[in-house]
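Presented below is the structure to which this report refers.
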Amino acid sequence: MLRYLRLYGHFMRFSISRALEFRIDFFFRVFMDLAYYGIQIAFYQVIFLQTPLLGGWNRDQTLVFMAGFLVVDAITMTVVSNNLWFFPVAVNRGDLDYYLVRPVSSLFFLSLRDFAANSFLNLLFAMGIFAWALARSSIPLTVGSVSLYAAMLMLGAFLHYMMHLIIILPVFWLQSGSGLHGIFYSMSRFMERPDRIFTGWVRKALVTAFPFCLMASFPARMFLEGLRWDVLAHFMAVIAVLFAVLLVIWNAGLKAYSSASS
Amino acid sequence: MIRARGLSKTFRVHRKEPGLMGSVRSLFSRKWQQVHALKGLDLDVGAGEIVGLVGANGAGKTTLVKALAGIIHPTSGTAEVLGFVPWQRKNGFRKQIALIMGQKAQLWWDLPAGDGFLLLREIYQIPNDTFKANLAVLAAALRVEDKLNIQIRRLSLGERMKMELIAALLHQPRVVFLDEPTIGLDLAAQRAIREFILEYRRKENPAMILTSHYMEDIEKLCERIVLMRDGELVYDGPVAKMVSSFARHKVLTAHLRAGETGPDGPARPDSAPGEILEWSGASLKLKVDRAQAAAVASHLLQTYPVADLSIDEEDIGTVIEAMLGKGPSP
């Protein structure tokens, strides 16, 4: 475990050094993510000009939820997104070769090698928005409730990562992954809305097989409406099942990996 | 150290007709073809051996290397490297092998090689003292001590390859796979890398498999050659034996004494037996049947004012081309 932390320390140092080499690109990416945050806040402000409640939440409660998914988004953008974005290209070009001969988990290496330094700055902004939203809410803040919310958001980010990877892993068989990324980003829009606006089989799918509503909505619900053990158990069960599915597809994918001609 | 039996690998490849219409047709109806990259291949490599893997493009060399390095799963057959099944990718196996691909970089493009080496120290859990000692030895041997803190992208191709070699060998692997390590390098860099590989073999005694299209790599580094064609072994044995068994010609070179050939020099020896490879007036190079080499040498000595005469084997590339059926028939 300590070895992997040290490895991650190297990844972070290298990535930050590299990101700072290209200053304009660095600040442009920071600005791009900030614009996305601004659009999300404006979007909900406009919605609440039309209605007092959305999925059972008022404006302040929805802001708490929205700040939560901004944190989830910023965590994934900082930690894994760059890596997953280039993953299909690496499979297609045979660039996985060197990762596979290293005596460390290939999944760890491929998922975490590139730390997005610019997005880390945005993660700090997202955390600021998160603190602002919590302070505005009428819910009494305790160390326990805030810690639980933060922990569930981190698990939500882990779910986000697993779903992204599961959706792009078929690249081992398809050889091209741009459409797969498109599918994931389209589906991930579900994460940005409160879960109760969905009903019927769509809602069932979004809390089980495609658990986008678990990533930010459920953590916010636990914070706003109190801890429910059955919901927490469901949340953890989905994570465990998804992780098992991920490993099965990953191992099958490596078996199918054909590298590329030299 | 390396043992493969009946190793086969078949790829399913989509065959697209050329042009836009071919692309449109392939969207609805695809033609697939089975490509047999390896066909039941047997191979053994012991410690201290450098085996040259030679064949035309598409012969299956890189596929064999990638199967033995654990990167791809074979379709059938077995292999053991250091007692491990490569494609199970156990850490105990991966800690003891190294792979160097001349056409793919493993170091971070925007960072100095020294930073990449620190990451590799962590990955391979190399003790700090050993790491420093190994790095010093390798960098000195390749004469790049002063380049360790320069970004990879600012290094020349030769320097980058040297850094790749250091990266691959820092953990003192017992099995080394070298896939085109000198590709694209100038002659001086090629020579430096060959000398380094020989020196490394002398010190560490690893099993090495080398693929290269440069015959000089094979001649200078390998005592044993494995010739591949269409996924099969055509020849597996000593380089010298291959040449003596399969070369049908010898090359005779005669240097003539100046001043003894008249003011216009000697007449071009159009009637000389064999094929004239070079004729300058001062020297003559002939390719002749092996069986006739002695007789032709005697003829040259009697006919021309020969100052010096040498009889050499055909170059290894010509022999290999002939064996693979691409060059002049042997």
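Any read-out appearing in this document is the output of simple, stated calculations on the displayed coordinates, not a laboratory observation. These figures come from a predicted structure and were not determined experimentally. So basically every Cβ, Gly included, is an ideal-geometry build from the backbone, and we count neighbours across all protein chains shown.
Rounded to the nearest 0.05, the FRET efficiency derived from the C-beta distance between B:ARG5 and A:ARG13 at R0 = 35 Å is 0.20. One compactness figure for chain B is 1.24, namely its Cα radius of gyration divided by 2.2 N^0.38 Å. Within the protein assembly as shown, DSSP assigns beta bridges of which about 70% are antiparallel (rounded to the nearest 5). Place a label point 7 angstrom from the Cα of B:ALA258 along the Cα-to-Cβ direction, then list the residues of segment B:292-310 whose backbone nitrogen is under 19 Å away. Counting backbone N atoms under 19 Å from the label point, the list is B:305-309. The trypsin sites (Lys or Arg not before Pro) of segment B:1-38 that DSSP puts in a loop, and whose beta carbon has at most 16 other beta carbons within 10 Å, are B:LYS16, B:ARG30.
Per residue, the average separation of C-alpha pairs within less than 8 Å and at least 6 apart gives segment B:1-89 a relative contact order of 41 percent.
As a proxy for reagent exposure, A:MET32, A:MET162, A:MET66, A:MET187 were ordered by neighbouring Cβ count within 10 angstrom, fewest first; the result is A:MET32, A:MET187, A:MET162, A:MET66. Each residue, A:ARG59 and B:ASP42, gets one label point 7 Å from its Cα in the Cβ direction; the gap between the two is 8.2 nm.
The label point for B:GLU80 and the one for B:ARG143, both projected 7 Å from the Cα toward the Cβ, are 4.4 nm apart.
Using only alpha carbon positions, build the gyration tensor of chain A, then give the equivalent ellipsoid semi-axes as the square roots of 5 times its eigenvalues, largest first, whole angstrom.
Three semi-axes, in Å: 32, 22, 18.
With a Förster radius of 45 Å applied to the C-beta separation of B:HIS299 and B:GLU195, the computed FRET efficiency comes to 0.65.
Eigenvalues of the alpha-carbon gyration tensor of segment B:92-156, scaled by 5 and square-rooted, set the equivalent ellipsoid semi-axes at 19, 16, 12 angstrom, largest first.
Taking every residue in B:97-109 and counting other chain Cβ atoms within 10 Å of its Cβ, the average works out to 3. The distance linking segment A:194-236 with segment B:278-327 is 83 Å (Cα centroid to Cα centroid, whole angstrom).
Can you pull the semi-axes for the protein assembly as shown, root of five times each eigenvalue of the Cα gyration tensor, sorted largest first, whole Å? Spell out each step's value before the answer.
On the way: eigenvalues 792, 128, 96 Å².
Equivalent-ellipsoid dimensions as semi-axes: 63, 25, 22 Å.
Given Cα pairs under 8 Å that are at least 6 residues apart, what percent is the relative contact order of segment B:54-171? That works out to 26 percent. For segment A:119-240, the alpha carbon convex hull comes to 127 Å³ per residue, rounded to a whole number. Note on A:PHE31 and A:ARG196: their simple-model spin labels are 4.0 nm apart, each label 7 Å out from Cα toward Cβ.
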